[in-house]
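Notes to accompany the following structure.
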Amino acid sequence: MLKTFMLVLTALLISNNAFAQWKLVNTESTVNFISIKKSKAGELHYFKKLNGTIDDRGNISMGIDLGSVDTNIPVRDDRMKSMLFEIKLFPTAKMKASVDPKKIKNMNAGDTYVDSINLDLSLHGVSQKLMTDVRIVKLSKNRLLATSVKPIIINADVYKLAGGIEKLRAVAKLPSISTSVPVTFNLIFSQ
């Protein structure tokens with residue numbers, strides 16, 4: 001009886017582990033964006049709080065806490081939160097996509113492949129589909145890296161953010177701030 005129980009328990013543990021969900025490691029992951037002001041000065045910014053998962057079907061779900069924006073200038077962070085992202089109304093950007101779970105399952109440590117995926121990005125009350133290439137690297141048995149092959153260009157007009165950019169431009173007394181924003185990511189998932 002004890003042997004049967006142990007076999008069933010072992011089978012359950014193995015089957016759960018084979019289909020275990022991948023969880024984003026916030027402290028090792030980054031989502032960066034570049035703002036371009038005065039038509040020539042680019043500045044790198046990022047978000048400190050990310051969360052996400054990849055389920056056993058390859059569905060990716062990710063959230064970006066827009067209140068965690070970090071520009072290295074606290075007053076600019078506060079302005080972006082209130083004037084651009086309007087975090088009281090829209091605290092989170094959400095992204096959904098999918099990858100082939102069989103490819104990931106069959107990868108060995110060190111294996112890599114590039115996949116073209118459709119992203120559904122919800123930002124500032126607007127959802128938009130974007131196509132991008134993502135490099136998937138199996139770092140170890142229980143760790144994955146998903147990284148952008150090239151920047152994703154976010155058009156502020158599409159997400160109703162151009163008005164916020166104009167407010168930032170006016171308060172900072174700048175001649176211009178670009179409404180096309182390159183975004184890159186490096187995401188670590190653990191199982």
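The values are calculated or read from the model by the stated rules, or taken from the named source; none is laboratory data. Quantities reported herein were computed from a predicted structural model and do not represent experimental measurements. In this analysis, Cβ positions are derived from the backbone assuming ideal geometry, glycine residues included, and neighbour counts consider all displayed protein chains.
The table below gives the values:
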item	result
Scope segment 112-138; condition surrounded by 15 or more Cβ atoms within 10 Å (Cβ to Cβ) and not β-branched (Val, Ile, Thr); matching residues	115, 119, 121, 122, 123, 124, 130, 138
Residue among 52, 67, 58 that is within 24 Å of residue 23 (Cα to Cα), of a type outside the set (A, V, I, L, M, F, W, C) and in contact (Cβ under 8 Å) with a residue 60 or more places away in the chain	52
Verdict on residue 76 being touching a Ser or Thr at 6+ places or on another chain (Cβ under 9 Å), over 19 Å from residue 29 (Cβ atoms) and not in a strand (DSSP E or B)	no
Subset of segment 153-167 [within 16 Å of residue 34 (Cβ to Cβ) and surrounded by fewer than 19 Cβ atoms within 10 Å (Cβ to Cβ)]	153, 155
Residue 137 farther than 23 Å from residue 34 by Cβ and in a strand (DSSP E or B)	yes
Matching option when the condition is of a type in the set (Val, Ile, Thr), part of a strand (DSSP E or B) and out of contact with any helix residue (DSSP H, G or I) (no Cβ under 9 Å at 6 or more places or on another chain), among 27, 53	53
Which listed residue, of 97, 109, 93, is among the small types (Gly, Ala, Ser), more than 20 Å from residue 171 (Cβ to Cβ) and surrounded by fewer than 13 Cβ atoms within 10 Å (Cβ to Cβ)	109
Selection within segment 140-152 - over 22 Å from residue 44 (Cα atoms) and either modelled with pLDDT under 95 or loosely packed, with under 14 Cβ neighbours inside 10 Å (or both)	140, 141, 142
Test set (1) closer than 22 Å to residue 62 by Cα; (2) of a type in the set (A, V, I, L, M, F, W, C); (3) at pLDDT below 95 - residue 177 fails condition number	(1)
Qualifying position, being assigned to a loop (DSSP other than H, G, I, E, B), more than 17 Å from residue 120 (Cα to Cα) and among the β-branched types (Val, Ile, Thr), among 34, 87, 104	87
From the options 81, 23, residue that is more than 18 Å from residue 154 (Cβ to Cβ), modelled with pLDDT of 95 or more and in contact with a strand residue (DSSP E or B) (Cβ under 8 Å, 6 or more places away or on another chain)	23
Residue 126, sole failed condition from (1) touching a strand residue (DSSP E or B) at 6+ places or on another chain (Cβ under 9 Å); (2) at pLDDT 95 or above	(1)
Matching option when the condition is outside any strand (DSSP E or B) and on the phi < 0 side of the Ramachandran plot, among 146, 109	109
Scan of segment 156-170 for residues that are closer than 16 Å to residue 71 by Cα and hydrophobic (A, V, I, L, M, F, W, C), ordered by number	165, 168
